[in-house]
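Beneath this line is the structure, given in structure tokens, with notes to follow.
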Amino acid sequence: MEQKFLDFIRPKSETHAKLLQRVKAQLQESESKMSQFYNRWNMRELQYQAYVPVQDWETKYKNTCKDKQLTSVKKQDANIVVPYSFSTIRTIVTYLATVFFARKPIFTVSANDPKFTQNAKNMENLLQYNAEHAKLVQNGIQFLYNGEIYGLAVLKTTFKTETQPRTSWITDVMTGLPLRVREAQLVYQGNSAEVIDPFLFFPDPRVPMYRVNREGEYVYWRSFVGKFILQKAGDTYAYLDDIGMMAPGDTGGSLANIRANGDSLNNQYDFKEIDKGSSFVQIDEGSVEIIPSQIGLDLGEGYDNDKPHKFIITLANKQQIIRFELYEPDHNMHPVVVCEPYAIGNGFGNMGISDYLSPFQESISWFLNSHIFNVKGVVNNSFLYDPSMIEEKDIKSDAPGKCIRIKPKAFGVEIQSYFKQIPIADTTSGHVADMQALMRLGNDLSAINDNVRGMQDSGGRKTATEIRATIEAVSSRLAFHAQYISASSFVDLGRQWCLNLQQYLSDDFQMAVLGEDGATAPVNITPMNITGDFIFPVHDGSLPLDKVALFDIWQVALQFAAGNPQIAQTYDIPRIFEYVARLGGAENIAQFKIQPQPDAAVAQQAQQGNLVPVGSIAGGVSNDLSQLF
């Protein structure tokens with residue numbers, strides 16, 4: 001931080017108090033609005049995990065170990081929760097993850113100006129390198145899950161310069177011997193992405209959440225870290241020794257109760273310990289637009305203090321601001337990507353698919369359990385008998401093949417007069433069909449069927465082409481869903497990453513990218529050759545072709561090219577053959593290639609000087625005969 005910002009947030013100063021009051025007011029405004037969603041989100045989490053809390057399994061395990069005959073398990077009534085939401089959401093996310101992350105590169109970049117075409121390809125390679133280093137697939141899949149479960153998914157983007165100690169060998173100038181040294185080296189410079197828990201996200205409630213990164217005045221996100229993590233950040237944070245204890249009840253409204261009750265999938269914070277002043281610190285960090293003149297701040301020459309500027313502000317335990325920096329990204333967005341996959345209009349906070357599936361899952365579970373309970377009643381026969389005529393102990397016995405004794409009074413009397421089984425009708429026999437009808441309704445709602453789930457539907461055996469065509473037909477609604485997610489979030493993510501690289505990548509950073517087969521000359525990517533105004537097209541939402549389909553297409557193309565002399569002269573048939581072979585699984589096809597040998601007559605003419613090797617310079621002839629070929 002610059003000295004003027006350090007002075008501005010000095011503890012107990014008037015400027016710090018004024019800025020602190022502003023930040024806490026914004027947080028309180030957002031917390032009061034976001035807390036309205038917590039109960040619904042917590043129910044959706046429980047529904048997704050089929051209402052099976054971890055501590056119940058621990059209790060059942062302990063009781064089972066104590067009872068070696070497992071009578072406690074036998075006596076338990078069946079209460080099955082059908083994980084219909086779990087199955088449907090995982091299928092949707094599987095489709096979306098395949099659409100966005102199965103292709104390479106993940107981000108496609110294009111340019112309107114032809115002179116930037118090569119720079120666009122360089123940017124694609126650099127973005128792919130960032131995506132692999134930042135584990136974008138892992139974070140992206142969790143991002144998609146949050147969108148389906150909560151109806152809200154948030155990614156935080158940052159540009160990192162990581163320096164780590166590395167061991168290397170150098171030559172000692174005195175002895176000339178190799179010497180092993182350990183020194184700090186630049187190991188990574190590029191973008192990163194982190195999934196933000198919706199419970200810990202506090203955007204400006206005056207604009208729709210999916211537009212808050214462009215139109216919101218502020219965006220905050222919360223985390224709980226140890227003080228040593230803040231200390232390891234170096235000069236990023238200041239005044240760590242002035243962080244006070246959090247005021248009672250100041251952890252964020254009902255968030256403390258929701259996240260500390262043990263029922264949440266993301267229960268990882270002990271708010272009671274934070275209230276006691278433990279080593280853990282509540283960090284509220286955000287990007288905020290501020291007019292400097294309104295808070296008495298002078299940015300210096302070249303800045304208009306009467307216009308809004310973005311700042312990164314970090315608040316610790318709602319007591320001390322430990323970071324205050326000017327934030328001027330080229331993309332002019334808050335460093336978050338927000339997606340509401342099922343947004344309706346401009347409302348603040350929208351439903352997720354789990355909200356729509358909730359009544360279906362509850363009804364399906366009720367139909368199944370009521371049918372099980374009724375069947376148990378039918379299986380456990382009920383009898384009407386006269387205890388003066390029958391030995392009651394024999395009837396109540398659970399022994400197999402039991403004999404029921406009658407008393408002397410029943411000798412010669414018709415058995416129907418003192419013993420009869422009470423008829424019980426199974427009134428729930430149609431519940432299984434009702435369950436299937438509800439599942440069909442839920443499938444119609446979510447655009448998921450057996451083919452998309454990877455299960456072949458009824459109707460006899462089908463070829464791979466028929467199954468693929470069916471999946472493509474039923475995936476049209478999912479493709480539209482993926483297209484909306486791409487337009488509302490992944491395009492912004494690609495733009496932020498791209499402009500971050502153009503703005504922050506240091507001049508000494510280079511990345512060598514090899515050719516397709518590793519044999520061509522490497523292309524050095526530097527900040528100079530990734531410049532340009534690029535376009536990030538919206539994904540059409542369709543699934544990429546699988547290798548089997550690609551192999552069939554390229555196999556036909558190879559046969560047609562090899563049989564047409566005009567095409568054979570235009571395209572490299574051997575390279576097409578190698579590509580088709582690798583596509584079919586023959587990765588080591590190159591080791592069977594025959595290396596051409598120079599003809600004896602040609603070699604003799606070259607030795608006599610009658611033939612000049614290709615690429616030789618004037619005034620000399622190379623003796624390397626391999627250059628002829």
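The values are calculated or read from the model by the stated rules, or taken from the named source; none is laboratory data. Nothing here was measured: the structure is a model prediction, and the numbers come from that model. Note: ideal-geometry Cβ built from the backbone for every residue, glycine included; neighbour counts use all protein chains shown. Remember, those area values only see protein heavy atoms, side chains included, never the ligands or the DNA or RNA. Shrake-Rupley method; radii C 1.70, N 1.55, O 1.52, S 1.80 Å.
Estimated at the nearest 10 Å², the accessible area of Lys396 is 140 Å² with a 1.4 Å probe. Legend: distances between Cα atoms for Lys33/Lys318; Lys62/Lys393; Lys4/Lys160; Lys33/Lys104; pairs beyond 30 Å are Lys62/Lys393; Lys33/Lys104. Ranking Phe324, Phe280, Phe116 by solvent-accessible area of protein heavy atoms (1.4 Å probe, all protein chains present), from largest to smallest, gives Phe280, Phe116, Phe324.
The label point for Glu217 and the one for Ile406, both projected 7 Å from the Cα toward the Cβ, are 9.1 nm apart.
Remark: the range 97-156 carries 40 Å² of accessible area per residue (probe radius 1.4 Å; ligands, DNA and RNA excluded). Shape verdict for the range 143-241, please, from the Cα gyration tensor: rounded (a/c under 1.5), prolate (a/b greater than b/c) or oblate. Note, shape of the range 143-241 comes out prolate. Please identify which residues in the range 349-368 have an amide N closer than 16 Å to a label point set 7 Å out from the Cα of Ile80, following the Cα→Cβ vector. Zone members listed by number: 361-368. Each label was represented as a point 7 Å from its Cα along the Cα-to-Cβ direction; for Ile344 and Glu132 these points are 4.4 nm apart.
With a Förster radius of 35 Å applied to the beta-carbon distance between Ala247 and Ser110, the computed FRET efficiency rounds to 0.10. Scalar couplings 3J(HN,Hα) for the range 292-297, obtained by applying the Karplus form with A = 6.51, B = -1.76, C = 1.60 to θ = phi - 60°, are x, 5, 6, 10, x, 10 Hz; x denotes Gly and Pro. Using a ≥ b ≥ c from the Cα gyration tensor of the range 546-589 (square roots of the eigenvalues), is it rounded, prolate or oblate, where a/c under 1.5 gives rounded and otherwise the larger of a/b and b/c decides, a/b for prolate? Because a/c hits 1.5 or more and a/b fails to exceed b/c, the range 546-589 counts as oblate.
The order of the peptides 567-579, 207-219 by mean Cβ neighbours within 10 Å, most packed first, is 207-219, 567-579.
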